[in-house]
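Remarks on the structure that follows.
The values are calculated or read from the model by the stated rules, or taken from the named source; none is laboratory data. On a predicted model such as this, the values are computed, not experimentally measured, just so you know. FYI the Cβ positions are ideal-geometry reconstructions off the backbone, even for glycines, and counts take in every protein chain you see.
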Amino acid sequence: MSSPRIEHIRSRENPQYKLWRRFLLRPDDPDCPWVPVEGRRQALELSRDRPPALLLISREDLPGVAELTGRALRVVVLGGRLLERVSRVRSPQGIIAFFEKPVWTRDDLTPFVLFLDRLQDPGNLGAILRTAAATGRFCLVAAPGTVSRFNDKVVRASAGYLFRVPFLEGVPLEHLARLEYRILVADPGAEADHFDEAFEPPLAVAVGAEGAGIDLPPSVPHRRLRIPMSSGVDSLNAAVAASLLMYEVVRRNR
């Protein structure tokens, strides 16, 4: 593929610049078609599997830019300090790549599902995405009210793995039950330990926000499990709990 012609924008009033700025500020908006990724290393890693739809750079002589411009569909140099004005990181590297948002459907559901109920912390969701990718077994399903996977902090915390892990948003737990998934709910107050569970597929493991529990309709058959903790400790960080459960599934199904 030949390298695209490099364009230049120098005005804050440029309508395209204003649109890209809005996409950077709110990548979770439904009308935003791209996932913005800042920094040379992560942009290069992701571009090996998919071309950046748009590459914004502050200068043409930045390290790594030549390789990225050879892969991008469109390259724009933002003159002056335009790129710094839209950057979402403390120390901008002068590179922002936009990638097409991944699209997953219910056909992408895997035998093991991690169900997230109203998880709000984007750092936790990013960490969970990384762990799910590491296990190679799980897809993620998020109930309504869960932070968007395209939230800019989720994108940074996930280190790009949101492109690899199937992720369905706005799906209620009842849907998985109708598909005959067994439902296991992480609950610190449960009597059964997760060490006593066989974790056989098809299985959905449900984790909720810390302290909030899981909003589970009475009609959904399920089993509650606790992760053993020392006396005086009443809960685990949601990402830690999800990681422990996912790797227990891996251990039992090796």
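Here is how the numbers come out for the structure above:
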read-out: Selection count where residues are out of contact with any Lys or Arg (no Cβ under 6 Å at 6 or more places or on another chain) and closer than 22 Å to Val165 by Cα, scope the stretch 41-65; value: 11
read-out: Residues of the stretch 234-254 that turn out to be part of a loop (DSSP other than H, G, I, E, B) and of a type in the set (Gly, Ala, Ser), as a count; value: 1
read-out: Residue in the stretch 57-70 that is touching a strand residue (DSSP E or B) at 6+ places or on another chain (Cβ under 9 Å), under 11 Å from Phe99 (Cα atoms), buried (at least 16 other Cβ atoms within 10 Å of the Cβ) and in contact (Cβ under 8 Å) with a residue 40 or more places away in the chain present; value: no
read-out: Odd one out for His8, checked against (1) in contact with an Asp or Glu (Cβ under 9 Å, 6 or more places away or on another chain); (2) at pLDDT 90 or above; (3) not aliphatic (A, V, I, L, M); value: (1)
read-out: First in the stretch 116-138 and in contact (Cβ under 8 Å) with a residue 12 or more places away in the chain and in the same structural domain as Leu203 (by TED's automatic domain parsing), second anywhere and part of a helix (DSSP H, G or I) and aromatic (Phe, Trp, Tyr), Cβ under 8 Å, 6 or more apart; value: Leu129/Tyr161; Arg130/Tyr161; Thr131/Tyr247; Ala132/Tyr161; Ala133/Tyr161; Thr135/Tyr247
read-out: Among the candidates Lys18, Lys101, residue that is over 25 Å from the mean Cα position of the chain (by Cα) and under 30 Å from Gly170 (Cβ atoms); value: Lys18
read-out: Failed criterion for Arg85 (all others in (1) surrounded by 14 or more Cβ atoms within 10 Å (Cβ to Cβ); (2) more than 25 Å from Arg164 (Cβ to Cβ); (3) of a type in the set (D, E, K, R) hold); value: (1)
read-out: Looking only at the stretch 234-254, and only at residues there that are modelled with pLDDT of 95 or more and of a type in the set (Ser, Thr, Tyr), the one that is surrounded by the fewest Cβ atoms within 10 Å (Cβ to Cβ); value: Tyr247
read-out: Residues of the stretch 94-124 that turn out to be touching a strand residue (DSSP E or B) at 6+ places or on another chain (Cβ under 8 Å) and more than 17 Å from Val154 (Cα to Cα), as a count; value: 11
